[in-house]
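To keep things clear, I will list the structure first and then write my remarks on it.
No value in this document is a laboratory result; all are computed from the given coordinates. Just so it is clear, the structure is predicted and the values come from calculations on it, not from any experiment. Cβ atoms come from the backbone with ideal geometry, glycine included; neighbour counts cover every protein chain shown.
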Amino acid sequence: MTPDSTELWFLPLGGCGEIGMNLNLFGHDARWLMVDCGVTFEQGVGGNRVQMPNPEFIADQKDTLVGLIATHAHQDHIGAIHLLWQQFRCPIYATRFTAHVVAAKLRRAGYHAPITVVEQDAQIQLGPFSVRWLPITHSTPETSALLIETAAGTIFHTADWKVDHQPVVGRAFDDQSWQNLGSCPIDAIVCDSTNATETGHSLSETDLLPGLHQAIAEAPKRVVVACFASNVARLQTIGNIAAASGRYLATLGRSLNDMVASAKASGYLLDNFDVIPPHDLGYLPPEEVLILATGSQGEANAALNRLAHGTHPELELEPLDRVIFSSKTIPGNESAIRQLTDALRDLDVEVIEGANSQLPIHASGHPCVAELQHMYQWIGSPLAIPVHGEAHHMAANADIAKRCGVAQQLVGRNGDLFRIRPTPGIYRQAVAAGRLELRPNGALVEV
Ligand SMILES: [Zn+2]
Ligand SMILES: [Zn+2]
């Protein structure tokens, strides 16, 4: 199965029909370009199991692979690179922050993979693909949409995105540049479906400051904020509140410390994001302490779970301390999070979640209906391919595209071959798209 010079194909091996483990292939003129290579977490006995797409289709013909582009630093987009890279050994391309996060994982896994750091608006020729990086807003810095141009046609891959005109960190969403992109002939838009069933518009990161500030300022004792470590804007907002409210800031959790290091190395986080060593926490007056911690999803070994069970080596929580979840519940994690919040309440710790907060304390990183409508109207592509969603999210996204005048929508799933040029259509289940699971001994096993 090889595309010729008149053909342009899209083949998702992961992330199409599910939220997680994205792995996209674009094919033209006997060459393939990989975009993202992520993991997903499945609930299992004794905690989460790490799974990823089975890359056999492309690993078996790695000489045809011109490179791997990482669009942003989320686990569902980069989490499998260090686990699968030895099967491709291809060059990797990413902007500075994403490259820093990926390089650290590869180094820890013992690989010296070639990573090219690209500018946020780079244009690079990779085999027969001319790729333009287009900075777009999401919930981690330097997320990149991609314009993939070939002799046969052009694809616009949105990556994960939202419209955020005040993202706190990084470049703001620039409506004009997306309207301008509409003047390029684009044959297909491959688009994020995560929030296609949510009406209206996502909140801006800036909208969270009042609610978080109030929840922290009113707390009588210590405050622990749990959020996704890769959301550098959220970290900065908490840093700003620490500085404004006279609290010392500390971070607990390896993934958080890794992300802070990658952010600072890439020029993010202001000087006011100044953390104290965790072993100082026990000596400070509780009302002067603000902590960022990993573990918003109830992960067993994360800092927050240890605090909840009194097993953290640096700190013991006390009655009237407050834990704020500046996060959402990822489906599947409900019971783990409930066990965590029950354990915190057993310590007489106050728990603040989105549901019991007056003001918003979390913003999604994905586009709601109004944002999707804008994008379809601006780009004016004749074909929409919804991805990054379960079947009902993708169906809703296709429906929005249709109502915005996109002539054709192709909805499929992992392993389907989407033919974009010369004639649009789907070959169902053209490729076997299974999963691999990471076992505790490091082995990858088909599941
Ligand atoms: Zn994603
Ligand atoms: Zn993402």
Original post:
For the chain, what is the calculated [θ] at 222 nm in deg cm²/dmol (nearest 500), taking -39500 (n - 2.57) for each run of four or more DSSP H residues and dividing by its residue count?
Top reply: -7500 deg cm²/dmol
**OP:** Quick one: angle between helix 232-245 and the longest Cα principal axis of the chain, in degrees between 0 and 90, rounded to 10, please.
**Re:** 20
**OP:** Could you work out how far helix 334-346 tilts from the main Cα principal axis of the chain, as a 0 to 90 degree angle to the nearest 10?
**Re:** 10
**OP:** Quickly work out the Ile426-to-Gln43 label distance, labels modelled 7 Å from Cα along the C-beta direction, and quote it in nm with one decimal.
**Re:** 2.8
**OP:** Relative to the longest principal axis of the C-alpha atoms of the chain, give the angle of the C-alpha long axis of helix 254-265, reported between 0 and 90° and rounded to the nearest 10°.
**Re:** 70
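In square nanometres, what is the average projected area of the Cα convex hull of the range 334-442?
12.0
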Original post:
Roughly how many Å is it from the Cα centre of the range 392-447 to that of the range 76-149, as a whole number?
Top reply: 21
Subject >> Whole-number D in µm² s⁻¹ for the range 205-356, Kirkwood Cα-pair radius fed into Stokes-Einstein, 25 °C, 0.890 mPa s >> reply: 161
Original post:
Using only Cα atoms, what Kirkwood radius does the range 362-425 have, in angstroms?
Top reply: 12.5
**OP:** Taking only Cα atoms and a 10 Å spring cutoff, compute GNM fluctuations for the chain and point out the largest among Thr199, Thr95, Thr71.
**Re:** Thr199
**OP:** Could you estimate the translational diffusion coefficient of the range 275-411 from the Stokes-Einstein equation, with Rh from the Kirkwood formula over C-alpha pairs, at 4 °C and 1.567 mPa s, in whole µm²/s?
**Re:** 72
Original post:
Tell me, how many Å apart are the Cα centres for the range 277-340 and for the range 206-260?
Top reply: 12
**OP:** Compare the peptides 245-252, 263-270, 232-239 by average per-residue count of other Cβ atoms within 10 angstrom and give them in order, highest first.
**Re:** 232-239, 245-252, 263-270
**OP:** Pop out the Kirkwood hydrodynamic radius of the range 56-137 from its pairwise C-alpha distances, inverse of mean 1/r, in Å to one decimal.
**Re:** 13.2
**OP:** Consider all pairwise Cα distances in the chain and report the whole-number % of them above 43 Å.
**Re:** 13
Original post:
Can you pull the percent of Cα pairs in the range 245-322 with separation above 16 Å?
Top reply: 53
**OP:** For the range 68-194, just the Cα set please: Rg and Dmax, both in angstrom.
**Re:** 14.9, 45
Original post:
Hey, if you put +1 on the Cβ of every Lys and Arg and -1 on every Asp and Glu Cβ in the chain, which of Ala226, Gln409, Pro278 ends up farthest toward the positive end of that dipole?
Top reply: Gln409
Subject >> Cα-based Rg of the range 121-193 normalised by 2.2 N^0.38 Å, two decimals >> reply: 1.11
Subject >> Share, in percent, of DSSP beta bridges within the chain that are antiparallel, nearest 5 >> reply: 55
**OP:** Would you check the chain for Lys pairs whose C-alpha atoms are within less than 26 Å, ignoring same-chain pairs closer than 8 in sequence, and give me the count?
**Re:** 8
